[in-house]
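Have a look at the structure below before the remarks.
The values are calculated or read from the model by the stated rules, or taken from the named source; none is laboratory data. Keep in mind that what you see is a predicted model, and the values were worked out from it rather than measured. Backbone-built Cβ (ideal geometry, glycine too); neighbour counts: all protein chains shown. When the accessible area is computed, the model is the full protein with side chains, heavy atoms only, and any ligands, DNA or RNA have been set aside. Shrake-Rupley method; radii C 1.70, N 1.55, O 1.52, S 1.80 Å.
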Amino acid sequence: MTFSRDLKIAPSILSADFARLGEEIHDIEDQGCDWVHVDVMDGHFVPNLTIGPNVVAAIRSHVKTVMDVHLMIEPADPYLEAFAKAGSDIITIHAEAGPHLDRSLSSIRDLGCKAGVSLTPSTPPEAIEYVIDRCDLILVMTVNPGFGGQSFLHSQLPKIRKLREMIGDRDIWLEIDGGVTPQTAPLCIEAGADALVAGSAVFKGGTPADYGKNMKAIREACR
Ligand code: DX5
Ligand code: ZN
């Protein structure tokens, strides 16, 4: 994976048809998504349960772009190797989900993956100040993690701006997750984001043509 600051659209397959994940991934990639965002939830760090490393491994061969795996699990450390072996390109952990963020981020890179750190809405940007050089990606949650289809929290825009400043000229993606729509996407880009996760806004309508149209609406709104 080479670094670039071009806009990345990363549909969250949390809003896809789970009985047809392979096909759904083909469809969003055919329609021009940049990354495929995979939400892993444990029913403990967040109040919902989704999928584990076996499902991530099963969808790996269907992903031709980039598998962007967002771990909303606590603890994450015991599972990093399994998610790396499952073929994740990026593994993102939560700053709030473990006491040794520096070590966890290093482990992700040691496993051969890009290392991401995510901040829930109440976590200040300074939480990553001393680990920023261990990060390839910073994910700002613009909803409280756990569910798709929630409303974008405008309170996070100053945080996105602050993180863009902190990143400076480092090769670190600044990704936004939660409530991203054609209305909110331009606010994120204006604040300095370069990767946007969108679940319900991409999968609404349910056909490949809808996915294409929905992604195009987000891209055009960001021009
Ligand atoms: C929320 C997940 C998100 C979510 C986004 O905990 O991390 O990726 O699925 O869904 P929308 O775009 O519907 O807010
Ligand atoms: Zn996510």
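Do we have any residue at all in the range 93-106 that's hydroxyl-bearing (Ser, Thr, Tyr), buried (at least 18 other Cβ atoms within 10 Å of the Cβ) and in contact with a strand residue (DSSP E or B) (Cβ under 8 Å, 6 or more places away or on another chain)? Checking the range 93-106: at least one residue is hydroxyl-bearing (Ser, Thr, Tyr), buried (at least 18 other Cβ atoms within 10 Å of the Cβ) and in contact with a strand residue (DSSP E or B) (Cβ under 8 Å, 6 or more places away or on another chain). Evaluating ASP68 against the criteria (1) of a type in the set (D, E, K, R); (2) within 15 Å of ligand 2 (Cβ to nearest atom); (3) open to solvent by 30 Å² or more (accessible area, probe 1.4 Å) leaves one unmet condition, (3).
The residue of the range 48-75 that is nearest to VAL38 (Cα to Cα), among those that are among the charged types (D, E, K, R) and over 14 Å from the mean Cα position of the chain (by Cα), is ARG60.
Need a quick list: strands (runs of 3 or more DSSP E) entirely within the range 74-142 having at least 3 residues that are modelled with pLDDT of 95 or more and farther than 19 Å from ARG60 by Cβ. It would help to see each step written out before you state the result.
Values: elements: 90-94, 114-119, 137-141.
Filter on the range 74-142 gives 114-119, 137-141.
Every condition in (1) within 14 Å of VAL202 (Cα to Cα); (2) in contact with a His (Cβ under 8 Å, 6 or more places away or on another chain); (3) away from ligand 2 (no atom under 13 Å from the Cβ) holds for ASP77 except the one numbered (1).
With respect to (1) of a type in the set (A, V, I, L, M, F, W, C); (2) more than 14 Å from ligand 2 (Cβ to nearest atom); (3) open to solvent by 70 Å² or more (accessible area, probe 1.4 Å), the lone exception for VAL131 is condition (3). One residue stands out among those in the range 193-216 that are part of a loop (DSSP other than H, G, I, E, B) and open to solvent by 10 Å² or more (accessible area, probe 1.4 Å): the one that is farthest from ligand 1 (Cβ to nearest atom), which is THR207.
Which one of the conditions (1) within 14 Å of ligand 1 (Cβ to nearest atom); (2) touching a residue at least 40 places away in the same chain (Cβ under 8 Å); (3) over 12 Å from the mean Cα position of the chain (by Cα); (4) within 21 Å of LEU196 (Cβ to Cβ) does LEU137 fail to meet, given that it meets all the rest? Looking at each condition in turn, LEU137 falls short on (3).
Candidates in the range 7-63 are the residues that are open to solvent by 50 Å² or more (accessible area, probe 1.4 Å) and either of a type in the set (S, T, N, Q) or closer than 17 Å to VAL197 by Cβ (or both); of these, the one that is farthest from ligand 2 (Cβ to nearest atom) is SER61.
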